[in-house]
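Report on one structure; see the data block that follows.
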Amino acid sequence: MSTKELRLDLEATLIQAILGHGHAHYGYWPDGLPEVPNLQALGEAQQAYFDLLAAQIPHGTQTVLDVGSGTGANALGLTKLGFEVECLCPSEHLNALARGKLPDTVRVHDSMFEDYDSARTFDLCLFAESFHYIALAKALGQLDRYARTHVLIFDYFRRNPQAGEDGTRGTHPEFCRSVEAHGVFEVISDVDLTEAILPTFVLLDQIRTEMLGPFVKRARKTLASAYPLRARLVEGLFGRKLDKIGRAGGRATRFAEEFEYRLILMERNSKAE
């Protein structure tokens, strides 16, 4: 398992343990931040994200392939809305969490989308913060194979191309050009929701600097007073990382500079059939 995969597993597990629902995506904040930062507000914003996503699913959709299903929170919500859902995720740990909460009728595959191989097709393929992990050319090829009518993407794109890219984490213009050139799907809705996603990072910064930072500072002081030798060891190993907890991260600004977060609905082009 890579460091990135381990981090994603840890984040999803913590969200599952702390907030209960297991939504591993960012929050959607149409009304901005609450006056008092708290994790409950983050959970509500993540639910708002799901509600907005589910509202975009076209009428008549019955079957959904949830690509990058994580802990199964979105799949569970879709199942409760009456959709027949199948899940794809390469993490065995997250899939175990998903299987623990989903009905037995929901199949969960330990697989990346690129490697998925099935005779089944779906009315809609769903990507909630998972599309950017997949090489674009491979993603479009698999969508041609598995998406009967629609593709729904709620995810972020780079603002500027980077040298040496492997086809993942591309720009929005690159995505649009590739979809048009592929000719199988057409974009019927494409909305920039970056500003409504950014409060997620502001909230997490506030929690870290205003709550965790002071606590860590007190804990370090107490440890140094009670156990000076152990404190030196901790400071030597983790001091720089602990220093960062109390500093404003500015991730919202960096994210807005580097990425744009979009909600995209695509429909199979009847001319391509």
For a quick check, take a GNM of the chain with Cα springs below 10 Å and name the residue from His59, His150, His172 with the largest mean-square fluctuation. His59
Counting Lys +1, Arg +1, Asp -1, Glu -1, what net charge surrounds Glu44 among other residues with beta carbon under 15 Å of its beta carbon? -3
Average projected area of the Cα convex hull of segment 72-139, in nm²? 4.8
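I need the shape label for segment 133-190. Rule: rounded when a/c is under 1.5, else prolate if a/b > b/c, else oblate, with a, b, c from the alpha carbon gyration tensor.
Values: a/c = 1.88, a/b = 1.54, b/c = 1.22.
Prolate is the answer for segment 133-190, as a/c is 1.5 or above and a/b outweighs b/c.
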At what distance in nm do the modelled label points of Asp192 and Glu84 sit from each other, each positioned 7 Å from its Cα along Cα→Cβ? 4.0
Hits among aspartates and glutamates - C-alpha to C-alpha of Lys221 under 20 Å, sequence gap 8 or more where chains match: Glu210, Glu235, Asp243
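Where Rh is the Kirkwood radius over the Cα pairs of segment 174-273, the temperature 37 °C and the viscosity 0.692 mPa s, what D in µm²/s does Stokes-Einstein return? All intermediate terms of the calculation are to be shown ahead of the outcome.
On the way: Rh = 17.5 Å.
Using the Kirkwood radius from Cα pairs, D works out to 187 µm²/s.
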Relative contact order for segment 102-224: what percent, with Cα pairs under 8 Å and sequence separation of 6 or more? 20
Whose amide H sits under 5 Å from the amide H of Ala24, counting only residues 5 or more places off or on another chain, with H placed in the peptide plane? Thr71
If you wrap a convex hull around the C-alpha atoms of segment 45-106 and split its volume per residue, what is the figure in Å³? 80
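In whole percent, what relative contact order does segment 43-121 give with Cα contacts below 8 Å and a gap of six or more residues? If you can, show how the numbers build up before the last one.
Details: 99 pairs, mean separation 20.9, N = 79.
Here the relative contact order equals 27 percent.
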Need the full-extension length gain, Asp110 to Asp144, defined as separation in residues times 0.36 nm minus the C-alpha distance. One decimal, nm. 10.1 nm
With each run of n ≥ 4 DSSP H residues scored as -39500 (n - 2.57), what mean residue ellipticity at 222 nm is computed for the chain after dividing by its residue count and rounding to the nearest 500 deg cm²/dmol? -14500 deg cm²/dmol
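If a/c stays under 1.5 just call it rounded; otherwise compare a/b with b/c (prolate if a/b is bigger, oblate if not). Do that for segment 94-216, with a ≥ b ≥ c from the square roots of the Cα gyration tensor eigenvalues. Let's see the in-between values first.
Numbers: a/c = 2.15, a/b = 1.30, b/c = 1.66.
Oblate shape, in that a/c is at least 1.5 and b/c is the bigger or equal ratio.
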List the residues, sorted by chain then number, that are 5 or more residues from Ile134 or on another chain and whose placed amide H is less than 5 Å from its amide H. Arg169
With axes computed from alpha carbons, what is the tilt in degrees of helix 92-101 against the longest principal axis of the chain, rounded to the nearest 10 within 0 to 90? 80
Report, to the nearest 10°, how far helix 39-55 tilts away from the longest principal axis of the Cα atoms in the chain, using its own Cα long axis and a range of 0 to 90°. 10
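Percent relative contact order of the chain, based on C-alpha pairs within less than 8 angstrom and at least six residues apart?
Details: 428 pairs, mean separation 51.1, N = 273.
Taking the mean separation of contacting Cα pairs over the length of the chain, I get 19 percent.
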Mind jotting down the distance between the C-alpha centroids of segment 45-118 and segment 185-254, whole Å? 30
Under the Debye formula (equal points on every Cα, no solvent term), log10 I(q)/I(0) of the chain at q = 0.08, 0.13 Å⁻¹: -0.38, -0.92
Enumerate by residue number the trypsin sites (Lys or Arg not before Pro) in segment 71-177 meeting two conditions: DSSP loop (anything except H, G, I, E, B), and at most 14 other Cβ atoms within 10 Å of the site's Cβ. Arg120, Arg159
What's the angle, to the nearest 10 degrees (0 to 90), between helix 172-182's Cα axis and the longest principal axis of the chain? 20
Choose one of Gly70, Leu152, Val108: the residue whose Cα lies farthest towards the positive end of the charge dipole of the chain (beta-carbon charges +1 Lys, Arg; -1 Asp, Glu; about the Cα centre). Gly70
Solvent-accessible area per residue for the chain at a 1.4 Å probe radius, Å²? 54
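The values are calculated or read from the model by the stated rules, or taken from the named source; none is laboratory data. Since we're looking at a predicted model, the values are computed, not measured. All Cβ positions, even for glycine, are placed from backbone atoms using ideal geometry, and neighbour counts span all protein chains on display. Only protein heavy atoms, including side chains, enter the accessible area calculation; ligands, DNA and RNA are left aside. Shrake-Rupley method; radii C 1.70, N 1.55, O 1.52, S 1.80 Å.
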